1. Cut-off 10 angstrom, C-alpha nodes, Gaussian network model of the chain. Which of Ala46, Ala164, Ala364 fluctuates the most?
2. When only DSSP loop residues count, what GluC sites (Glu not before Pro) in the range 161-196 have their Cβ near at most 16 other Cβ atoms within 10 Å?
3. Which whole-Hz couplings ³J(HN,Hα) result when phi for each residue of the range 413-418 is put into the Karplus expression 6.51 cos²θ - 1.76 cosθ + 1.60, θ = phi - 60°, listed in order with x for Gly and Pro?
4. Mind ordering 312-319, 89-96 by average Cβ neighbours within 10 Å, highest first?
5. Starting at the first residue of the range 366-383, write each ³J(HN,Hα) from the Karplus equation 6.51 cos²θ - 1.76 cosθ + 1.60 with θ = phi - 60°, in whole Hz, x for Gly and Pro.
6. For the range 1-70, calculate the relative contact order in percent as a whole number, restricting contacts to Cα pairs under 8 Å that are 6 or more residues apart.
7. Sequence-distant or interchain residues sharing an amide H contact under 5 Å with Leu209, placed H: which?
8. Residue by residue through the range 341-356, which ³J(HN,Hα) values in whole Hz follow from phi under the Karplus form 6.51 cos²θ - 1.76 cosθ + 1.60 (θ = phi - 60°), with glycine and proline marked x?
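Each reported figure results from applying straightforward, stated rules to the coordinates on display, with no laboratory input. This one's a predicted model, so the numbers in the text were calculated from it and none came from an experiment. For neighbour counting, all protein chains shown are included, and Cβ atoms are generated from backbone atoms with ideal geometry for every residue, glycine included.
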Amino acid sequence: MKILVIGGGGREHALIWKLKQSARVEKIWCAPGNGGIAGAAECFPAVDAGDVPALVALAERLAPDLTVVGPEAPLVAGLCDEFARRKWPVVGPNKNAAQLEGSKVFTKLFLDRHKIPTANLYGCFDSAAAAREALARVAWPVVIKADGLCAGKGVLVAQNREEAEDFITRLMEKNELGDGGRRIILEQGLAGDELSFIILSDGTRYAPLVPTRDHKRVFDDNRGPNTGGMGAYSSDELLPPALRQTILSTIVEPTLRGFAADGIHYQGFLYFGLMLTASGPQVLEFNCRLGDPETQAIVARMDFDLAEVLTDVAAGKLDAGKLRWKPGTSVCVVLTAGGYPGKYETGKRIEGLTAITDNTGVVAFHAGTKKIGADIVTSGGRVLGVTSAAADMPAALRAAYQGVGRIHFEGMHYRKDIGASSGRQGATGD
Ligand code: AMP
Ligand code: GLY
């Protein structure tokens, strides 16, 4: 098999690492890829992951047996519709289905229409004045969400009116996040612990992946601003059987019935961002793709042939029984550039990566890296995801942090408390 992977982050490196373990995989291409992916796949750094025409032209030339789409931008822009029209095998939802991530208004109306538990909606607003006026009638904290894609920066949990008004001004009047922020929703703030619950669907059948928890804040003890994710862990203890059953019967299955009722064909990975509240799990968001860094923790526990399963999905023949998982725990610790998620420098030489390669059980997935000559240098905010799977959390953490200790680049930052809250069920990582 020859496979094309779209994307260039840690998620895509992790997918490629797993795909390469399949005896049926002969060749992997990646667009655009990164400095680490370049060691595992032939990369096309000049092809932007959001550029649908360029990706179609690339796939036309390469004729892959399967294409796997990592990030949301090409999905929301309709890449899979282009592939479906040409009958090219691809894993990922079409443009209509990808609105579940591309528009918070679309998602909120979908959830309410199908009575799927979610935070109460106070309203959708096209004007800052109307949104400000509505603040008089909300309970605090209130959550403000930009309707469109904002690279993870479009949500604020506002504790008071001043914070809320400031965010509304930045989104709707100063257009700081671009077109994605022209329209917003206001919803109830929920309290609880978050869980990333991801399923794989072929449009008819589905299979849940192992549960994960992300750590979104930049500093230990969940301090500082939100990031794309500073680390993740997976453990079956995150999801006791009764909670898993509740999530399936009150959220996942009503969602799939809602798709059928609304004529949404959903094929690919679907990420349910959940809040485990005192009154049960509720949906915070959908992503139309795998999470990053959740994927790094998920692939570390995969005990099946990912190329085979994804081929089945593209053909509409998912066999959920093929997804087997290693028991125990996996952990991914993200190493970032100093200053991230604010301003940061790039081009810093990364030392110690070869020590990781030799250390079995630990993998350093590359995110913002670039190969320059014999060196790997930093090229983004999130640089590496040091990942390990082991029988239990202490062993997984020990191995991952030992791996982290071998790596160095100027300004390197990481959280020292990934997975630290895992001892209690429902503990928050956010
Ligand atoms: P979203 O992009 O909708 O997942 O929002 C990003 C983050 O904002 C989530 O992971 C939560 O930490 C937080 N969040 C979103 N919606 C709510 C809500 N209704 N109540 C509390 N926190 C929320
Ligand atoms: N780690 C959260 C996300 O991928 O959206």
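1. Sorting by GNM fluctuation, first place goes to Ala46.
2. Details: sites: Glu162, Glu163, Glu165, Glu173, Glu176, Glu187, Glu194; in loops: Glu176.
Answer by residue number: Glu176.
3. 10, 7, 7, 9, 10, 5
4. Details: 312-319: 17.0, 89-96: 22.8.
Put in order of decreasing packing, that is 89-96, 312-319.
5. With the stated coefficients, the range 366-383 comes to 8, 10, x, 9, 9, 9, 10, x, 8, 9, 10, 10, 6, 9, x, x, 8, 9 Hz.
6. Values: 122 pairs, mean separation 28.9, N = 70.
Computed over the range 1-70, the figure is 41 percent.
7. Under 5 Å from the amide H of Leu209 lie the amide H atoms of Ile198, Ile199, Leu200, each far enough along the sequence or on another chain.
8. x, x, 5, 8, 9, 10, x, 7, 5, 9, 9, x, 5, 5, 4, 5
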